[in-house]
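Scroll down for the structure; my scribbles are underneath it.
The values are calculated or read from the model by the stated rules, or taken from the named source; none is laboratory data. Owing to the predicted nature of the structure, the values given are computational and were not obtained by experimental measurement. Cβ placement follows ideal geometry from the backbone for every residue including glycine, while neighbour counts extend to all protein chains displayed.
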Amino acid sequence: MMKIVNRIEINSGLEGFVLLDRISETGATTIIGEKRYFNDPVYLGIESLAQLGAYHVRFLTGFENHAFLLKINRCTIPAHHILNGSYMLKGTLVSQSKSAFCYALQADKGNKVQIEGEFLYATADYDHMFNKKILQPHYRKVFACLQKESKTD
Amino acid sequence: MDILEEITEILAEILDIENNNISPETYLIRELGAESIDLLELAVALNSRFKIDVNDDEIFLRKLRQYVTEAEQQDKDILQYLAEKLPFLMHKRLEEIIADLEGGPTLRVKDLISYVERQRDGN
């Protein structure tokens, strides 16, 4: 009999897949977080913003649906392409439907915008590919940890 | 700018097509080739432009065939059942849709207009 292994394996090439250090504020249309980088490539900053927005979508939907990034409509990045130091990450929900959410997301360093863009997310019912029993508690736990200022992997 | 002009502008931008390819009778999926990702973009754009709540399932008639099946299984009048489930569509339009089911996805630009009008009126 085949054994079903309820485990998620993600090979991101990184030590941890959560690219957020903290979520400090969450409101009906806003979310604020932080991330410290160590001479990291700019695409990790874009991923951090994508994760921040996705957590806000999950927050809004009570973690009842699978949330995923659908499209980055536009995104500007710093010319030097390297991120170093602590960045404040901000997200604002600009428009939404029942299952799609559009955010203005930005990463600031020292009150200067370093990355900013418009990110489109969608939600879908959990299914056999996106297992509710695994994903829902996982995202709830990570979200709770980030709000407690604990870094999680 | 009226609703049709605004929706035309949004569709042209999302689908990267010319405005003159779009009329109220245009099929979004059959003729314009709109895909699910395009429809999600359209949904948030309509929310932003018209400041209305947008239910993707309703506006894009996603459950249309399910409703038809439900009506048949429950031995209900299909037109009446659809009118209850999709109240933004007029009786005449629902008749068109039922007659057109074999042809593929029935969603037309005029259905979006009807939805926006109804949501704007707060009904």
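Per-structure values
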| item | result |
| --- | --- |
| Selection count, segment B:58-103, where residues are more than 27 Å from B:ASN47 (Cβ to Cβ) and basic (Lys, Arg) | 2 |
| Among the candidates B:LEU89, B:LEU112, residue that is away from chain A (no Cβ under 14 Å), surrounded by 15 or more Cβ atoms within 10 Å (Cβ to Cβ) and within 16 Å of the chain's Cα centre (by Cα) | B:LEU89 |
| Test: residue in segment A:48-63 that is touching a strand residue (DSSP E or B) at 6+ places or on another chain (Cβ under 7 Å), within 14 Å of chain B (Cβ to nearest Cβ) and surrounded by fewer than 21 Cβ atoms within 10 Å (Cβ to Cβ) | yes |
| Residues that are of a type outside the set (Phe, Trp, Tyr) and in a helix (DSSP H, G or I), drawn from segment B:72-87 | B:GLU72, B:GLN73, B:ILE78, B:LEU79, B:GLN80, B:LEU82, B:ALA83, B:GLU84, B:LYS85 |
| Residue in segment A:95-117 that is farthest from B:GLU58 (Cα to Cα), counting only those that are within 14 Å of chain B (Cβ to nearest Cβ) and without any contact (Cβ under 8 Å) to a residue 40 or more places away in the chain | A:ALA104 |
| Number of the condition not met by B:ARG65 [criteria: (1) surrounded by 14 or more Cβ atoms within 10 Å (Cβ to Cβ); (2) closer than 21 Å to B:THR26 by Cα; (3) touching a residue at least 12 places away in the same chain (Cβ under 8 Å); (4) of a type in the set (Lys, Arg)] | (1) |
| Some residue of segment B:22-42 being outside any loop (DSSP other than H, G, I, E, B), under 17 Å from A:SER99 (Cα atoms) and of a type in the set (Ser, Thr, Tyr) | yes |
| In segment B:31-69, residue nearest to the other protein chains (Cβ to nearest Cβ) [restricted to those that are farther than 20 Å from A:PHE119 by Cα and basic (Lys, Arg)] | B:ARG62 |
| Selection count where residues are in contact (Cβ under 8 Å) with a residue 24 or more places away in the chain and in a helix (DSSP H, G or I), scope segment B:106-123 | 12 |
| Check on A:ASN73, in contact with a Leu (Cβ under 8 Å, 6 or more places away or on another chain) and polar (S, T, N, Q) | yes |
| Residue satisfying all of: in segment A:101-116; touching a Phe, Trp or Tyr at 6+ places or on another chain (Cβ under 7 Å) and of a type outside the set (Phe, Trp, Tyr); farthest from A:ILE23 (Cα to Cα) among these | A:GLN114 |
| Close pairs (6 angstrom Cβ cut-off, 6 or more residues apart or separate chains): surrounded by 11 or more Cβ atoms within 10 Å (Cβ to Cβ) in segment A:69-83, of a type in the set (S, T, N, Q) anywhere | A:PRO78/A:GLN114; A:ILE82/A:ASN39 |
| Residues of segment A:75-91 satisfying the condition of being at pLDDT 95 or above and either outside any strand (DSSP E or B) or among the charged types (D, E, K, R) (or both) | A:LYS90 |
| Residue satisfying all of: in segment A:121-136; within 17 Å of the chain's Cα centre (by Cα) and within 14 Å of another protein chain (Cβ to nearest Cβ); nearest to A:CYS102 (Cα to Cα) among these | A:TYR121 |
| Flag if A:VAL94 is among the β-branched types (Val, Ile, Thr) and either farther than 15 Å from A:ILE23 by Cβ or in a strand (DSSP E or B) (or both) | yes |
